[in-house]
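Visitor: I'd like to ask you about the structure that follows.
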Amino acid sequence: MATDKIVGVPTPRVEGVGKVTGEAVYAVDVTLPDMLWGRVLRSPIPYGRIRRIDTSRAEQAPGVRAVVTGEDVAGLKIGRRLCDMPILAEDVVRFVGEKVAAVAADTEEAAERALELIEVEYEDMEPLLDPLEAVKPSAPLLHPDVVNYDGLMAPLEEPTNTFVYLSWGKGDIEKGFAESDVIVENTFYTQPQHQGYIEPHSCVVDVKEAGNAEIWACSKTPFALRQQIAKALEVPFESLMVHPCYIGGDFGGKGDFMDVAVAYVLSRKSGRPVKMVMDYDEELMAGNPRHACTIKVRTGVKRDGRIMAHHLDFIFDSGAYGAFKPIGFLFGAQEAGGPYNMPHHLSEERVVYTNKIPCGHMRAPGDPQGFFATESQMDAVAGELGMDPVEFRRINLMHDGDESPTGHVMHHIKAEETLDLALKESGYRAPKGPTTGRGVAVAQWLPLGGECYAFVTIGTDGAVTVSCAAMDQGSGTYTVLRQLVAQELQVPLESVNLVTLDSTQVEKDQGLGGSRGTRIYGNAAWFAVTAVKEELLRVAAEAMATDASRLALAEGGVTQLDAERRMTYAEIARAKGADIRGEGYYNDTTMGPEASMCAQVVEVDVDPETGQVRLDKVTVAINTGTVINPLLHQGQIDGGIVMAVGYALMEEVRFDDGKVTTTNLGDYKIPTIRDVPELRTALIQSDTGSGPYNSMSIGETPVIPFAAAVANAVADATGARIHSLPVTAEKVQSRMSGSAAPAAGAAGQGLDSVLPRG
């Protein structure tokens, strides 16, 4: 590849060859001498006391080397922030699928047979399955000792199932409603959604005699994993070394500990390394899916369309534990007021325990739920006012320099420009058939920061290496880093090597997540390569007996501009007598300040007899910064839309009395190529962005507004407003016929309420 232009060129992922040839090492590929297989016995009931566990027969089974129960880890709890989950259940089980006992054996089959020999006697208790019931003061407490849990967002005065309460906003919400001419109220419901990665959770743990351990796991946050395991097991974090592994899909689900602590306990007891791999039925019954949510929305407007007050009340169903949330709550509720000017806003978030699968992070955690509610509500309010939904939005959209609903100034948002581009590219105003509907939705995403190191080295042989602790979870960070270094050093992309560092080779690392990869690792690599460039010029100037200002980097070497003199990078390193090395450290945890803006137009066709919804066309307009790799950038958009198709129309973790019934990918429907419509993308590229070359985040943005755009398109085609996800033919047909459609994952169905004032 030519070196004059590398950044901005569509480039396939550089690690692709290693993945398809089998050279890339995933946790499941790790095999150690004398390694055992670990398997877990899981609770068959949603809630109950453990009266008795008898493991004697399992301990005597052929090939079994260790059996552990809650007694082996009594009192130990684990979590990414909130430590409320026992490593193995002790006295109580709180969801179907909770880990009760574990076995390590010579083979996976022997471990499975041993599980069948473990006898557990349960005393069933009445499960609490509805989060709307769980928030009531009269509800039974699922965690009586919650006030003492480490990692709570705020101290609790007394035990409660609502273990998180947060609020954001500005103004006086009741004053805003008092000043409104019309108030519209709705309740919306969203379902749990599994991340659907190809690779299930897997790990290998090898505990040495001194208690030190080596860990291989499909975790995108190895440093956080090390801290979680060390804290839970009460061992020094320095005693744990986490090896880098490739990750077979993430989408938010590969940042947790899952079975690593159990594998550690089995390895310590058996004295041998232990591998654990979850089956996909375990993934679907005991993974960490997107939270189901109930969102009550109340919006007050003037008759001319100006929003005066907007109140969002979130109840997130956490399931049995809160341990899978890295910051303890769902961040998306904070920005769910949307890119709108409004003098009075309040967003309240409650996270509630129930006796269901514990939920964690999934692509844009909390945002698709919140924007499904807000962007559906915008159409509903426009309809009540007799206004076009696009023009209603246009009246209220923020512009650069305006204050957001939560009170911070947005210097760069380009909301109206992005919406106009989506309308133009989609042909939104074009004539349409009687069963065709078009829906619009908009959303802003504020990029997240973090902390990390990166290093760039030029060896005495001229080899260029960029190294950091980032895990490859499929987003293409490795390729972007190599592009950046190749561009800055003016060398071919294929000549830049990348080394992934383990947890002993770097002091701190935030890890991937929150669309922060290019921002934090890219900036750290930028700092590192800048230091390398300065050192190259310094050493070359000294060797050539000239001034560094008379030198320039080009084609893998340094050239003296006013003379025919040149030194290659290898010659410069040899002149120094050591590698040329630069260290980059990035530490900025602020959001934004710029917003990645997304406007989507969805066109559907709805069968008037069955309610079946067919996606015909999707148009995505995004305001972004410099696109470092157009191929990867578009891949993030396309992948995000496909995931959003599943969320909007088909995917749902279903329950029967607390037990997950969608325990395979035949019952749990994810989109196939036949479900993907025509997709058109249009970009506005600005020179504002917190990443290198003024780049912006893109990974989460396309997922956020899509479900609302689908619901709005269905309402446009049929007049039927769907309040719960997924938008199924059953719900649409029921709404069209005037009967109440069942809500997903909650009791009751959202009902429109319009309250005229004055």
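Visitor: Quick one: in the range 164-187, of everything that is in a helix (DSSP H, G or I) and either of a type in the set (A, V, I, L, M, F, W, C) or in the same structural domain as Gly658 (by TED's automatic domain parsing) (or both), which residue is farthest from Glu335 (Cα to Cα)?
Guide: Restricting to residues being in a helix (DSSP H, G or I) and either of a type in the set (A, V, I, L, M, F, W, C) or in the same structural domain as Gly658 (by TED's automatic domain parsing) (or both), the top hit is Ala178.
Visitor: Can you work out which of the residues in the range 421-449 that are assigned to a loop (DSSP other than H, G, I, E, B), within 21 Å of Gly719 (Cβ to Cβ) and not aliphatic (A, V, I, L, M) is nearest to the chain's Cα centre (by Cα)?
Guide: Tyr428
Visitor: How many residues, within the range 267-291, are in contact with a helix residue (DSSP H, G or I) (Cβ under 8 Å, 6 or more places away or on another chain), more than 19 Å from Lys254 (Cα to Cα) and not basic (Lys, Arg)?
Guide: 2
Visitor: Hey, can you tell me all the residues within the range 366-411 that are basic (Lys, Arg) and at pLDDT below 95?
Guide: Hits for the range 366-411: nothing passes.
Visitor: Then there is this: If you check Phe324 against the conditions, is it in a loop (DSSP other than H, G, I, E, B) and modelled with pLDDT under 95?
Guide: So Phe324 does not fit the description; no.
Visitor: While we're looking at this one, here's another question. Which of the following residues is assigned to a strand (DSSP E or B), in the same structural domain as Ser475 (by TED's automatic domain parsing) and either out of contact with any strand residue (DSSP E or B) (no Cβ under 6 Å at 6 or more places or on another chain) or modelled with pLDDT under 95 (or both): Arg566, Arg581, Arg538, Arg574?
Guide: Going through Arg566, Arg581, Arg538, Arg574 in turn, just one is assigned to a strand (DSSP E or B), in the same structural domain as Ser475 (by TED's automatic domain parsing) and either out of contact with any strand residue (DSSP E or B) (no Cβ under 6 Å at 6 or more places or on another chain) or modelled with pLDDT under 95 (or both): Arg566.
Visitor: In this structure, does Arg363 turn out to be touching an Asp or Glu at 6+ places or on another chain (Cβ under 7 Å), within 24 Å of Ala599 (Cβ to Cβ) and not acidic (Asp, Glu)?
Guide: yes
Visitor: From Gly360, Gly370, Gly407, which residue is among the small types (Gly, Ala, Ser), surrounded by fewer than 24 Cβ atoms within 10 Å (Cβ to Cβ) and within 30 Å of Arg81 (Cβ to Cβ)?
Guide: Just a single option satisfies the conditions, and that option is Gly407.
Visitor: Next question. Test Met597 against the criterion of being of a type in the set (A, V, I, L, M), touching a residue at least 60 places away in the same chain (Cβ under 8 Å) and outside any loop (DSSP other than H, G, I, E, B), and give yes or no.
Guide: Answer is yes for this residue.
Visitor: Considering the range 190-203 alone, what residues qualify as being under 18 Å from Gly253 (Cα atoms) and not small (Gly, Ala, Ser)?
Guide: Gln191, Pro192, Gln193, His194, Gln195, Tyr197, Ile198, Glu199, Pro200, His201, Cys203
Visitor: List the strands (runs of 3 or more DSSP E) inside the range 221-302, counting only whole elements, that have at least 3 residues being assigned by TED's automatic domain parsing to the domain that holds Pro326 and either in contact (Cβ under 8 Å) with a residue 24 or more places away in the chain or not aromatic (Phe, Trp, Tyr) (or both).
Guide: It comes to 292-301.
Visitor: Separate question: Using the structure shown, decide if Val25 is more than 30 Å from Phe329 (Cα to Cα), surrounded by fewer than 18 Cβ atoms within 10 Å (Cβ to Cβ) and either over 27 Å from the mean Cα position of the chain (by Cα) or of a type in the set (A, V, I, L, M) (or both).
Guide: yes
Visitor: Can I ask one more? What are the residues in the range 585-599 that are touching a Phe, Trp or Tyr at 6+ places or on another chain (Cβ under 6 Å) and farther than 15 Å from Ser690 by Cβ, if any?
Guide: Matches in the range 585-599: Tyr585 only.
Visitor: Now a separate question. Whether any residue in the range 239-257 is touching a Pro at 6+ places or on another chain (Cβ under 7 Å) and of a type in the set (S, T, N, Q) is what I want to check.
Guide: Looking for residues that are touching a Pro at 6+ places or on another chain (Cβ under 7 Å) and of a type in the set (S, T, N, Q), one finds none in the range 239-257, hence no.
Visitor: Right, here's the next one. Within the range 669-699, restricting attention to residues that are touching a Phe, Trp or Tyr at 6+ places or on another chain (Cβ under 9 Å) and either modelled with pLDDT of 95 or more or not in a loop (DSSP other than H, G, I, E, B) (or both), which residue is surrounded by the fewest Cβ atoms within 10 Å (Cβ to Cβ)?
Guide: Tyr693
Visitor: Return only the number of the condition from (1) crowded, with 24+ Cβ neighbours inside 10 Å; (2) touching a strand residue (DSSP E or B) at 6+ places or on another chain (Cβ under 8 Å); (3) in a loop (DSSP other than H, G, I, E, B); (4) not aliphatic (A, V, I, L, M) that Phe316 does not satisfy.
Guide: Every listed condition holds for Phe316 apart from (3).
Visitor: Among all residue pairs at least 6 apart or on different chains, which show Cβ distances below 6 Å where the first residue, located in the range 506-530, is surrounded by 24 or more Cβ atoms within 10 Å (Cβ to Cβ) and the second is acidic (Asp, Glu)?
Guide: Correct list of pairs: Ala528/Glu583; Val529/Glu488.
Visitor: Is it true that some residue in the range 148-163 is farther than 30 Å from Thr55 by Cβ, in a strand (DSSP E or B) and not assigned by TED's automatic domain parsing to the domain that holds Ser404?
Guide: yes
Visitor: In this structure, does Ala708 turn out to be surrounded by 22 or more Cβ atoms within 10 Å (Cβ to Cβ) and touching a residue at least 12 places away in the same chain (Cβ under 8 Å)?
Guide: In short, yes.
Visitor: Need pairs with beta-carbon distance below 8 Å; first residue free of Cβ contacts under 8 Å to residues at least 60 places away in the same chain and within the range 386-401, second of a type in the set (Ser, Thr, Tyr) and surrounded by 16 or more Cβ atoms within 10 Å (Cβ to Cβ); sequence gap 6+ or separate chains.
Guide: Filtered contacts from the range 386-401: Val390/Tyr428; Arg393/Tyr340; Leu397/Tyr340; Met398/Tyr340; Met398/Ser404.
Visitor: Here is a further query. Being assigned to a helix (DSSP H, G or I) and polar (S, T, N, Q) narrows it down to one of Thr418, Thr406, Thr457, Thr465, so name that one.
Guide: Sole residue among the options that is assigned to a helix (DSSP H, G or I) and polar (S, T, N, Q): Thr418.
Visitor: Follow-up. Is it the case that the range 201-210 has a residue that's part of a loop (DSSP other than H, G, I, E, B) and buried (at least 24 other Cβ atoms within 10 Å of the Cβ)?
Guide: Yes.
Visitor: Let me ask something else. Could you tell me whether Gln487 is of a type in the set (S, T, N, Q), more than 25 Å from His361 (Cα to Cα), touching a residue at least 40 places away in the same chain (Cβ under 8 Å) and outside the structural domain of Ile622 (by TED's automatic domain parsing)?
Guide: In short, yes.
The values are calculated or read from the model by the stated rules, or taken from the named source; none is laboratory data. Quick caveat, the model's predicted, so the values are computed rather than measured. Virtual Cβ from ideal backbone geometry, glycine too; neighbours counted across all protein chains shown.
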